[in-house]
Amino acid sequence: MSRYYLTTPLYYVNAAPHLGHAYTTVIADCLARYHRLKGDGVFFLTGTDEHGQKIEQAAAAAGKAPKEFADSIVPGFKKLWETLHISYDHFIRTTDSYHTDGVRAALEKLFKEGKIYPKTYDGWYCVPDETFCPKPDIENGKPVCPDCHRPIEQIKEKNYFFKLGEYQNWLAGHIEKNDSFIVPKTRRNEVLSFLKDQKLQDLCISRPKARLEWGIEMPSPPFEPGYVTYVWFDALLNYITALGYPDMKNPKWIWPADVHLIGKDILRPHAIYWPVMLKALGLEPPKTVAVHGWWLVEGEKMSKSRGNIVDPHTIVAEYGVDAYRYFLLREVPFGHDGTFSEKAMDKRYNADLANDLGNLLHRTLTMIEKYFGGVVPCYTQSFVGMPADLEKGWDSFDFQKAISGLWAWIDQGNTLIDERKPWVLAKAAAKTEELKAVLGGLADMLRTLAILLWPIMPSTSENIWKQLGCPGKISREKLWAAGASSGQKVQKGRPLFPRRE
Ligand code: ME8
């Protein structure tokens with residue numbers, strides 16, 4: 001059995017989750033389900049990033065201690081994942097003691113090996129991004145963060161630095177040699193040109209407790225007392241502490257990760273800091289960092305700090321969870337930015353779900369009831385082939401390709417009905433072979449669709465499965481066999497996606 005280790009970012013707990021978080025997590029869930037269906041041993045990790053100045057400030061504004069504040073936000077994430085049918089295997093919080101112990105062990109090892117050293121940092125810091133900005137941009141005469149263009153603060157502190165710079169050539173070489181280390185290509189090229197154009201600075205990995213209380217305390221000795229570790233150094237390590245790091249004999253240890261799924265905002269920490277941290281720790285880099293684009297609102301990134309969020313609960317209440325999952329995967333090509341609108345959602349819902357998929361099931365079951373007393377007929381000659389290119393789409397993060405392959409197939413089913421006109425065939429004195437082949441073939445097609453759509457729309461798939469009268473649970477072994485549904489008694493239910501006016 002192949003194993004498949006997949007992660008989402010650990011989301012900050014400074015506010016409730018929104019469409020952006022839902023997007024990454026839904027994609028991860030679809031991939032996890034796709035691999036489970038293939039029979040892979042999946043470990044799907046998500047969780048929350050709870051330390052740092054941003055959380056400390058949000059907690060202060062809410063009049064709570066940081067941990068108490070985090071405790072009040074985490075259930076909102078878990079609740080949303082439940083609503084969206086997210087089948088994660090483990091939820092890690094950076095305040096969990098196994099995580100903080102693992103981070104301290106990593107810090108100690110790197111310090112003892114001379115890969116971390118103390119130095120005074122005198123420069124700019126971006127609180128919203130929790131990043132040091134050695135080269136700020138100037139806008140309207142004021143220094144701003146070169147990434148997010150928000151105001152930054154000046155700080156002068158003695159801190160600990162990780163020797164990131166030493167690994168520049170190794171990292172560039174690794175990316176050059178491994179096409180699929182960063183996908184899509186545009187992001188890979190972005191990192192490669194960054195590594196070619198700029199000298200990689202060493203990474204500041206601590207904050208004095210006098211400035212930031214809310215972090216993982218660095219072990220003293222070997223570090224001077226009174227330091228906490230910097231958010232990224234803490235958070236990135238979750239991908240291995242969740243597996244039991246530093247105990248590599250832990251039965252949970254399945255490093256390297258197959259995929260870290262992230263948004264483009266956190267490309268640099270994942271494509272630069274993290275592989276170098278792993279190399280320094282003597283561990284392999286992850287196999288793939290898969291980077292998606294942003295959901296925008298009026299041209300701006302949707303974000304908690306900008307306060308322009310679309311609440312997933314509202315959309316799910318309106319359209320249903322599967323329509324939401326489908327829309328997120330289908331609407332925007334992986335890696336591109338997208339704009340969310342209810343108009344676009346309505347269009348997809350009515351065209352793809354109500355008309356194409358919903359109608360195909362409804363028409364097929366209605367006719368099986370009418371012409372065969374609800375029992376799927378046996379047939380010999382099949383009019384329905386298999387959809388092409390599915391696996392390629394899934395394996396290359398081209399979800400649109402995977403989905404449009406399925407929808408082309410659904411179109412074939414609807415066209416088959418329109419062209420063969422079962423209602424005309426049924427008028428023949430004896431129920432012809434052709435009528436049996438059309439309706440029996442369509443039942444087999446829908447059964448296969450229920451399996452193939454399951455990663456994206458699990459409840460809809462289970463509903464189709466049940467309406468077709470298929471026994472047992474959806475599984476890949478039952479994928480395609482002409483005649484597999486013959487003899488089943490269908491149980492037509494309500495339309496899957498009632499049309500929205
Ligand atoms: O960055 N469009 O947490 P975060 C698409 N704690 N995706 C979006 C999005 C948008 N408008 N807004 C957020 C952090 N996301 C760190 C990560 S990992 C060890 C530490 C998604 O709460 C997207 O996946 O700001 C993005 O990368 C992530 O949320 C950032 O979440």
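Rule-based calculations on the coordinates, nothing more; no lab input. No experiment lies behind these values; they were computed from the predicted model shown. All Cβ positions, glycine included, derive from the backbone under ideal geometry; neighbour counts span all protein chains shown.
Please report the spacing between the Cα centers of the stretch 354-424 and the stretch 197-231 in Å, no decimals.
58 Å
Note the direction-averaged projected area, equal to a quarter of the hull surface, for the Cα convex hull of the stretch 342-478, in nm².
Result: a mean projected hull area of 9.0 nm².
Using the Cα centre of the stretch 342-478 as origin and beta-carbon charges of +1 (Lys, Arg) and -1 (Asp, Glu), tell me which of 357, 429, 345 is placed farthest towards the positive end of the dipole.
Checked the options; the winner is 429.
What whole number of Å gives the distance from the Cα centroid of the stretch 1-28 to the Cα centroid of the stretch 282-316?
Taking the Cα centre of the stretch 1-28 as reference, the centre of the stretch 282-316 is 9 Å away.
Enumerate the amide H contacts of residue 396 below 5 Å, restricted to partners 5 or more residues apart or on another chain; note that Pro and chain-start residues carry no placed amide H.
none
Quick one: helix 185-197 against the long Cα principal axis of the chain, what's the angle to the nearest 10°, folded into 0 to 90?
Around 20 degrees separate the two axes.
Efficiency by 1/(1 + (r/R0)^6): what FRET value for residue 16 and residue 298, r their Cβ-Cβ distance, R0 = 25 Å, to the nearest 0.05?
Working from the Cβ atoms, E equals 0.75.
Between the alpha-carbon centers of the stretch 100-119 and the stretch 442-501, tell me the distance in whole angstrom.
Cα centroid to Cα centroid, the span is 53 Å.
Round to the nearest 10 and give me the degree value, 0 to 90, for the angle of helix 168-177's Cα axis relative to the longest principal axis of the chain.
It works out to around 20 degrees.
May I ask you to give the average projected area over all directions of the convex hull of the Cα atoms of the chain, in nm² rounded to one decimal?
That works out to 25.8 nm².
Report, in debye and to the nearest 20, how large the dipole of the chain comes out about its Cα centre when Lys and Arg carry +1 and Asp and Glu carry -1 on their Cβ.
In total the dipole reaches around 960 debye.
Taking neighbour counts of Cβ atoms within 10 Å as a proxy for exposure, in what order, fewest first, do 83, 25 appear?
So the ranking, lowest neighbour count to highest, is 83, 25.
Can you work out the Karplus-derived ³J(HN,Hα) for every residue in the stretch 128-144? Use 6.51 cos²θ - 1.76 cosθ + 1.60 with θ = phi - 60°, whole Hz, and x for glycine or proline.
My calculation for the stretch 128-144 gives x, 8, 6, 9, 7, 10, x, 10, x, 8, 10, 10, 6, x, 10, x, 10 Hz in order.
Residue by residue, what Karplus-based ³J(HN,Hα) values in Hz, rounded to whole numbers, does the stretch 198-215 have, using 6.51, -1.76 and 1.60 with θ = phi - 60° and x for Gly and Pro?
Each residue of the stretch 198-215 in turn: 10, 7, 5, 7, 5, 9, 6, 10, 9, 9, x, 4, 4, 9, 9, 7, 8, x Hz.
Which far-off residues, 5 or more places away or on another chain, put their amide H under 5 Å from the one on residue 43, with H placed in the peptide plane?
Here the answer is 4, 5, 6, since their amide H atoms fall under 5 Å of that of residue 43.
A 19 angstrom limit on the alpha carbon distance is what I want to check against. Which of 142/199; 177/287; 427/466; 264/304 exceed it?
Pairs exceeding 19 Å: 142/199; 427/466.
Mind checking which of 453, 464, 373 is farthest towards the positive end of the stretch 342-478's charge dipole, using Cβ charges of +1 (Lys, Arg) and -1 (Asp, Glu) about the Cα centre?
With unit charges placed on the Cβ atoms, the residue in question is 373.
Report ³J(HN,Hα) in whole Hz for each residue of the stretch 300-307, in order, from the Karplus equation J = 6.51 cos²θ - 1.76 cosθ + 1.60 where θ = phi - 60°; Gly and Pro get x.
10, 4, 6, 7, 4, 5, 7, x
Just want to confirm a number: the relative contact order over the chain, from Cα pairs under 8 angstrom separated by 6+ residues, in percent.
15 percent
How far is it, in nm, from the label point at residue 418 to the one at residue 67 when both lie 7 Å from their Cα along the line to the Cβ?
6.4 nm
Divide by every residue of the chain the summed helix terms, -39500 (n - 2.57) for each DSSP H run of at least 4, and state the resulting mean residue ellipticity at 222 nm, rounded to the nearest 500 deg cm²/dmol.
-12500 deg cm²/dmol
Obtain the nm distance between the two label points defined at residue 391 and residue 366 by a simple spin-label model: each point lies 7 Å from its Cα along the Cα-to-C-beta direction.
In this crude spin-label approximation the distance works out to 3.8 nm.
Just want the answer: with Cβ charges of +1 for Lys and Arg and -1 for Asp and Glu, which residue in 61, 37, 92 is farthest toward the dipole's positive end in the stretch 33-116?
Of the listed residues, the answer is 37.
In terms of modelled amide H atoms, which long-range or inter-chain residues lie less than 5 Å from the amide H of residue 124?
133, 155
Give me the percent of DSSP beta bridges within the chain that run antiparallel, rounded to the nearest 5.
55 percent
About its Cα centre, how strong a charge dipole does the stretch 406-445 have in debye, to the nearest 20, once Lys and Arg get +1 and Asp and Glu get -1 at the Cβ?
220 debye
Specify the angular offset, from 0 to 90 degrees and rounded to the nearest 10, of the alpha carbon long axis of helix 66-83 from the longest principal axis of the alpha carbons in the chain.
Long axis of 66-83 versus the principal axis of the chain: about 20 degrees.
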